[in-house]
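To keep things clear, I will list the structure first and then write my remarks on it.
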Amino acid sequence: MYKNPAEARAFLAALTPLVAGAAHAEVVVCPPFIDLAAAVDAARNTNIEIGAQDVFWLKEGAYTGEVSAPMLAASGCRWVIIGHSERRQYFGETDESVLKKTLAALEAGLKPIVCVGEKLDQRESGSTEAVLAEQFSGSLAKLAPEQFARVVIAYEPVWAIGTGKTATPEIAADAHRFLRGQIRTQFGADAAAACRILYGGSVKPDNIKGLMAQPELDGALVGGASLDPVSFSSLVKF
């Protein structure tokens, strides 16, 4: 929850030339709802696409305060983050709501970035894989294969978000490898190889090299380090 529309425009004006040559990666910026119109306009004719941070699962109705997938698509959004750990932690997001939101996003032509990850007590009790399996089976596993093919997964260990703690590259790779195994079991080897799994959890310019050295990590879901265009661009260009 950062930046007003004018600040979002200024951010994208600064970011655009810094990442203009980044043909090796897709660059997506996901600002708050209030900034989407300004961000879509500022990113027009650039290699930056705009996404939203959340979505509701119905198209319209008496759901004050919610924003639907068709509304996001009409605004020029192309992506949407679903099930972010902060949505789960503070706003009661469940695997069931993640599934409903993912289906709504896909129906509207949006590309979902679906988040999964364990809390600190779950990590310390050795139940990381059980948590990831439950989150996967409760949401993504219920998609049809052609629907799943359009989804990007983000693994975000909740204990490493905004805490300064980062999963070691090896810890992150283990989780990604486990998730890819879940995909292989549910959707087959080709789907597992094709699915992009991002790492999110205190990704910064000083740890991106070690993280991206892991073949299992296909990209990053960047939080605090994305608020500064220079910092973010250095991650994009890595």
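The values are calculated or read from the model by the stated rules, or taken from the named source; none is laboratory data. Nothing here was measured: the structure is a model prediction, and the numbers come from that model. Cβ atoms come from the backbone with ideal geometry, glycine included; neighbour counts cover every protein chain shown.
Below are the figures for this structure:
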item: Number of positions in region 217-237 that are part of a helix (DSSP H, G or I) and under 16 Å from the mean Cα position of the chain (by Cα); result: 6
item: Meets criteria (surrounded by fewer than 14 Cβ atoms within 10 Å (Cβ to Cβ), assigned to a loop (DSSP other than H, G, I, E, B) and either touching a residue at least 60 places away in the same chain (Cβ under 8 Å) or not aromatic (Phe, Trp, Tyr) (or both)) for Thr46; result: no
item: Residue match in region 117-124 (condition: more than 23 Å from Ala172 (Cα to Cα), surrounded by 15 or more Cβ atoms within 10 Å (Cβ to Cβ) and not acidic (Asp, Glu)); result: no
item: Selection status of Ala37, surrounded by fewer than 21 Cβ atoms within 10 Å (Cβ to Cβ) and at pLDDT below 95; result: no
item: Qualifying residues in region 179-216 (those that are more than 18 Å from the chain's Cα centre (by Cα) and of a type in the set (S, T, N, Q)) - the one modelled with the lowest pLDDT; result: Asn207
item: Sole residue being buried (at least 18 other Cβ atoms within 10 Å of the Cβ), closer than 18 Å to Ala37 by Cα and over 14 Å from the mean Cα position of the chain (by Cα), chosen from Leu132, Leu99, Leu72; result: Leu72
item: Pairs where the first residue, in region 133-155, is more than 20 Å from Glu216 (Cα to Cα) and the second is modelled with pLDDT of 95 or more and loosely packed, with under 15 Cβ neighbours inside 10 Å, C-beta under 7 Å, 6+ apart; result: Gly138/Glu96
item: Residue tally, condition in a helix (DSSP H, G or I) and touching a residue at least 40 places away in the same chain (Cβ under 8 Å), over region 58-85; result: 2
